[in-house]
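Trainee: Okay, here's the structure, questions in a sec.
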Amino acid sequence: MKLLHIDASALGDHSVSRTLSAAIVARFQAAGPDMDVEHLDLDASPLPHLTAASLAGADPVEADRARAVLDGFLAADVIVIGVPMYNFGIPSTLKAWIDRIAVAGRTFRYTANGAEGLAGGKRVILAIAQGGVHAPGSASDFQESYLRFLFGFLGIQDIEVVRAQGVNLSPETREKAMNDALAALPEPRRLAHAA
Ligand SMILES: Cc1cc2nc3c(=O)[nH]c(=O)nc-3n(C[C@H](O)[C@H](O)[C@H](O)COP(=O)(O)O)c2cc1C
């Protein structure tokens, strides 16, 4: 089974979302020795912004990397993403990755009946970290609501969220949020089609 592990936090060892995403991946690895894990650190190796030159494939190195990123997404059975909240949304480094995997004709297509996702059958787990408290669907949540919609648009319905909220409010809220999140990690399970 292929697991794509993505981190985007700029806070290194102090990152809450990195701690949570690593704990989720470790749980999957402990559950089965055949787990093929690819780790994409979008902070250490950010993708360039999508520009007119990117769309034209002007830089062959960039085009090769974009292809590899899309292929890695398409090949993955499980995708675990550490998602910090930055300015009420996701980090721009994660958005740059999304701009490379939301590709018409590969992960979605337009039909006479509207858009159709082509990347179904995957499981997505979001490890969300927020300094304050922004409930899913609330006016200030442009993080979970956006990612649920985006992956749904690509055809992925199997989406789970581990959330640590209020981590910057006080040391006590941080510790409680981390402990609660680590106690509620998703169970590894084999997807029906995954090798
Ligand atoms: C650049 C930046 C912007 C942030 N913006 C917000 C915000 O809009 N709302 C919020 O609740 N917390 C915000 N925070 C706090 C982070 O959500 C919090 O530190 C969280 O732990 C980030 O995840 P990480 O630890 O994995 O990096 C921000 C932090 C940084 C560094």
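The values are calculated or read from the model by the stated rules, or taken from the named source; none is laboratory data. All of these numbers come straight from a predicted model, not from anything done at the bench. Note that each Cβ is placed from the backbone with ideal geometry, even for glycine, and that neighbours are counted across all protein chains shown. Note: accessible area is taken over every heavy atom of the protein model, side chains too, but ligands, DNA and RNA are not part of it. Shrake-Rupley method; radii C 1.70, N 1.55, O 1.52, S 1.80 Å.
Trainee: Could you go through the stretch 132-149 and let me know if any residue there is within 16 Å of the ligand (Cβ to nearest atom) and over 26 Å from residue 175 (Cα atoms). I'd like the intermediate steps shown before the answer.
Mentor: Of all residues in the stretch 132-149, those within 16 Å of the ligand (Cβ to nearest atom) come to 132-147.
The next check asks that each one be over 26 Å from residue 175 (Cα atoms); those that pass are 146.
Yes: the stretch 132-149 contains one or more residues that are within 16 Å of the ligand (Cβ to nearest atom) and over 26 Å from residue 175 (Cα atoms).
Trainee: Output the strands (runs of 3 or more DSSP E) that fall wholly within the stretch 107-148 and possess 2 or more residues being open to solvent by 20 Å² or more (accessible area, probe 1.4 Å), or say none.
Mentor: In the stretch 107-148, 108-111, 114-117 are the strands (runs of 3 or more DSSP E) which contain 2 or more residues that are open to solvent by 20 Å² or more (accessible area, probe 1.4 Å).
Trainee: Would you list the strands (runs of 3 or more DSSP E) that sit entirely within the stretch 1-94 and hold 3 or more residues that are open to solvent by less than 30 Å² (accessible area, probe 1.4 Å) and of a type outside the set (Phe, Trp, Tyr)? Can you show your working first?
Mentor: Values: elements: 2-7, 36-41, 78-84.
Qualifying strands (runs of 3 or more DSSP E): 2-7, 78-84.
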